[in-house]
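Heads up: the structure comes next, in structure tokens.
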Amino acid sequence: MFTPCIWKVLDFSNFADHQQFSRQGCLVPLPVSQLVRFDRFELDLRAGELRKNGIRIRLQEQPLQVLQALLENPGEVITREELQKKIWPADTFVDFDHGLHAAVNRLRTALSDSADHPRYVETVGRRGYRFISKLESEDQPPPLKRESTKSPTPKSTPRFWNSWTGMVGGFLGALAIAASLVVGNVYGLKDWLLGTTKAPSFQSLAVLPLENLSGDPKQDPFVDGMTEELITQLSRLGNLKVISRTSIMQYKSTKKSLRQIAGELHVEAVVEGAVQLAGNRVRITAQLVNGATDEHIWAETYDRELSNILIIQSEVAADIAKQIDLELTPQQQQRLQAGAHPVNPDAYQAYLLGRYYWNMRSGQGLALAGKYFADAIQKDPNFALAYAGEADYFAYLTVLGGPEILKPSDAMAKARTAAARALQLDNSLAEAHAAMGNILHNYDWNWAAAEAEYKKAIELNPNYAMAHHLYAHLLIETGRKEESLAEAHRALDLDPYSPFVNNGLARQYYLSREYQKAAAQCLIGLQISPEYFPARIQLALAYEKTGKLPEAISELEQAAGLMASGGAPNSTAPPIDVPVVHALLAHAYAVSGRKSDALKELSKLQAAAAKRYIPPSYFAIVWMGLGDHEQAINWLGRGYKDRSEHMLYLGLEPLVDPLRSDPGFVALLKKLDLP
């Protein structure tokens with residue numbers, strides 16, 4: 001086995017040694033640092049540091065151990081099995097292949113090396129790795145470890161020459177000592193002269209979809225949920241912009257480079273990693289990469305019992321904060337700690353599945369989300385996140401519907417109970433405050449209390465795009481257009497590839513009567529997800545108000561076609577029924593003079609109402625198109641009694657413009673007390 005070449009370097013960490021040197025003016029026996037030098041690099045074995053031109057390079061423990069193993073036998077192949085035995089003991093819970101690959105990649109990054117054109121670390125196919133650069137010890141014997149030999153008797157030289165060479169030698173010796181002090185950073189001299197090597201400072205990052213290493217596709221929803229929870233943990237750090245889950249999921253299994261992804265998401269750093277489940281244990285690997293340079297900054301592996309999964313995520317978030325020089329306030333530290341507690345593993349997995357399906361924003365997705373949130377609560381009655389999820393589920397049943405659309409009084413009562421329980425269990429959950437704000441806003445019509453809850457949610461998690469989205473709607477309903485657009489843009493900045501959030505901004509433009517902008521935003525959303533039929537509905541509304549009735553009808557008919565095919569072309573899912581599509585299609589047919597087609601859509605709406613709750617405003621839309629204002633106002637009055645959230649848009653909704661001079665409509669607006 002190769003023994004690294006050794007130089008003796010002064011170490012003044014012991015002040016007594018420093019005094020002894022100062023008194024005698026010569027070298028004294030001191031602790032030894034083992035340095036291995038190659039090219040411009042040196043590996044300090046005792047300190048566990050890699051330096052380049054004397055400057056320390058950030059390198060984690062496993063890549064450092066790989067380098068040390070390779071340097072012990074330069075020029076020889078070190079097999080994967082040998083590296084596994086040396087660095088990953090047999091009892092370590094780890095995916096060795098992934099771990100070794102990641103460690104070698106990080107080592108190459110630190111050395112500015114390339115796998116294709118290696119200068120230092122060469123891959124030997126299917127066998128292992130080999131260090132191929134020359135060590136300094138191969139060409140130069142170490143200056144302080146020479147064999148003892150007799151020197152020839154020097155020739156006599158003049159005294160003045162001896163004196164001069166002594167002075168030069170002394171000067172050079174002092175210079176060498178000073179250099180050693182700087183390189184070794186003794187007494188902080190290197191920091192004083194060159195400045196300390198600070199962690200990079202980033203203000204924005206994206207967490208890419210974690211990789212499922214289990215080999216079981218059934219674990220994908222769990223792993224995706226883990227990605228979302230890590231995003232949530234990082235999002236609680238208020239001075240850090242973190243891209244939301246919906247936007248990063250498009251990069252699942254992508255072949256794009258990290259630098260390209262960072263550019264598309266407009267972030268400075270990227271976090272990538274993997275999850276592996278084995279029985280009741282979970283392992284997470286995470287690494288932080290500079291988005292501009294593709295430099296690996298940090299990596300770590302976390303192995304825990306599955307019940308400690310929330311603790312792991314809190315640790316990962318805290319470690320990343322340190323690596324990007326993010327100073328956490330006491331409140332931010334408290335928020336991270338608040339989420340770090342043991343959890344029932346089965347309840348947690350059910351919750352993640354609930355969020356996975358809720359994020360689909362579809363009828364089928366909601367049905368499954370409700371099932372899994374209830375399952376999580378049944379398994380752990382004190383799991384706050386599950387109650388927050390259940391509150392979101394019930395609130396959306398009033399609009400989108402799962403197995404059925406519930407009356408607002410029924411749905412919001414259940415949502416309120418769940419949100420209140422979540423807040424009772426954990427008042428630091430942004431999701432719970434946003435859910436309560438949604439109830440106060442869309443059912444209680446208590447603008448001030450709802451705004452306070454939305455602001456609290458944003459304070460707790462400034463990166464929670466859903467809170468910004470909901471707050472934007474409250475602001476525009478209460479006449480604060482500029483503020484509402486700012487919040488909608490903020491939501492989109494945090495979740496740029498979310499069809500839901502894109503459609504939210506399009507809705508803001510539409511209600512602001514900026515129809516061209518609304519249409520353009522809808523088209524952006526449809527580029528992201530052509531099957532997202534709410535964008536087609538919103539686009540149809542914008543087209544109708546700009547006089548493009550045929551185009552509006554075409555978009556609504558495409559939305560109806562998506563419903564009939566289960567939500568996507570060639571889908572095997574059963575047909576779905578979204579009543580608002582029938583209402584808007586009937587309205588568009590009526591306005592374009594196709595009264596018989598309008599009545600057919602009205603009959604479909606009436607048939608659906610015989611089986612399930614249909615918001616009264618949908619019938620009002622049809623009667624407005626048919627020109628029967630009395631019927632329209634009658635149905636809007638029923639919506640008011642039901643406390644339907646659709647009523648909150650009456651002050652702005654362009655569709656109801658034909659009713660604005662009607663005394664009955666004016667009286668209804670006065671009762672709503674809207675601007």
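Apply the a/c threshold of 1.5 to the C-alpha gyration tensor of the stretch 361-461 and tell me whether it is rounded, prolate or oblate. Judged from the Cα gyration tensor, the stretch 361-461 comes out oblate (a/c at least 1.5, b/c at or above a/b).
Checked against a 27 Å cut-off, the cross-linked pairs LYS371/LYS407; LYS595/LYS670; LYS545/LYS595 give Cα-Cα distances beyond that limit for LYS595/LYS670. Calculate, for ASP628 and SER554, the FRET efficiency according to 1/(1 + (r/R0)^6) with r their C-beta to C-beta distance and R0 22 Å; round to the nearest 0.05. Computed FRET efficiency for ASP628 and SER554 comes out at 0.30. Under the classification rounded if a/c is under 1.5, otherwise prolate if a/b is larger than b/c and oblate if not, where does the stretch 204-342 fall, given a ≥ b ≥ c as square roots of the Cα gyration tensor eigenvalues? Note, shape of the stretch 204-342 comes out oblate. Each label point is 7 Å from the Cα along the Cα-to-Cβ direction; what then is the distance between the points at SER114 and GLN378, in nm? Rounded to a tenth, the inter-label distance reads 5.8 nm. Evaluating 6.51 cos²θ - 1.76 cosθ + 1.60 at θ = phi - 60° for every residue in the stretch 613-620, the Karplus couplings come out as 6, 10, x, x, 4, 5, 5, 4 Hz, glycine and proline recorded as x. Within a straight-line Cα-Cα reach of under 27 Å, LYS241 can be paired with the following lysines, leaving aside sequence neighbours fewer than 8 residues apart in one chain: LYS198, LYS252, LYS255, LYS256, LYS322, LYS455, LYS456, LYS481, LYS517. In straight-distance terms, cross-link reach from LYS600 covers every one of the aspartates and glutamates whose alpha-carbon lies under 17 Å from its own, apart from those fewer than eight places away in the same chain; here that gives GLU557, ASP577, ASP628.
Rounded, prolate or oblate: which fits the stretch 577-675 when a ≥ b ≥ c are the square roots of the eigenvalues of the alpha-carbon gyration tensor, with rounded for a/c under 1.5 and prolate only if a/b beats b/c? Taking the square roots of the gyration eigenvalues as a ≥ b ≥ c, the stretch 577-675 is oblate.
Neighbour counting of Cβ atoms within 10 Å sorts the residues SER592, SER362, fewest neighbours leading, into SER592, SER362. For the stretch 605-650, the spherically averaged projection of the C-alpha convex hull amounts to 3.2 nm². Distance between the modelled labels on GLU305 and GLN527, one decimal in nanometres: 5.1 nm (7 Å Cα→Cβ projection). Using the Cβ-Cβ distance between ALA449 and ARG56 with R0 = 45 Å, the FRET efficiency computed as 1/(1 + (r/R0)^6) comes to roughly 0.25. Between ARG40 and ARG513, full extension at 0.36 nm per residue minus the direct alpha carbon distance yields a gain of 163.9 nm. Multiplying the residue separation of ARG638 and GLU76 by 0.36 nm and subtracting their alpha-carbon distance yields 194.0 nm.
Annotation: amide H of VAL207 within the under-5 Å range of ILE243, VAL271, sequence separation 5 or more or interchain, hydrogens built in the peptide plane. Each residue, ALA667 and LYS256, gets one label point 7 Å from its Cα in the Cβ direction; the gap between the two is 5.6 nm.
Note on ALA367 and ARG127: with the Förster distance fixed at 56 Å, the Cβ-Cβ geometry gives a FRET efficiency of about 0.60. Taking θ as phi - 60°, what are the ³J(HN,Hα) couplings along the stretch 521-536 by the Karplus curve (6.51, -1.76, 1.60), each to the nearest whole Hz, with x for Gly and Pro? With the stated coefficients, the stretch 521-536 comes to 5, 4, 5, 5, x, 6, 5, 6, 8, x, 8, 7, 5, x, 5, 5 Hz. Cross-link partners for LYS671 among the lysines, with Cα-Cα distance under 19 Å and sequence neighbours closer than 8 places in the same chain left out: LYS641. Subtracting the Cα-Cα distance of ASP657 and GLN331 from their residue separation scaled by 0.36 nm leaves 112.6 nm.
Derived scalar couplings between HN and Hα for the stretch 362-377 equal 10, x, 5, x, 5, 4, 5, 4, x, 4, 6, 5, 4, 5, 4, 5 Hz in order, rounded to whole Hz, by the Karplus curve 6.51 cos²θ - 1.76 cosθ + 1.60 (θ = phi - 60°), x for Gly and Pro. Taking amide H as placed 1.01 Å from N in the peptide plane, the amide H of GLU49 sits under 5 Å from that of ASP44, each at least 5 places away or on another chain.
Values in this text are rule-based calculations from the coordinates and carry no lab data. Since the model is a prediction, treat every value here as computed from it, not as a measurement. Virtual Cβ from ideal backbone geometry, glycine too; neighbours counted across all protein chains shown.
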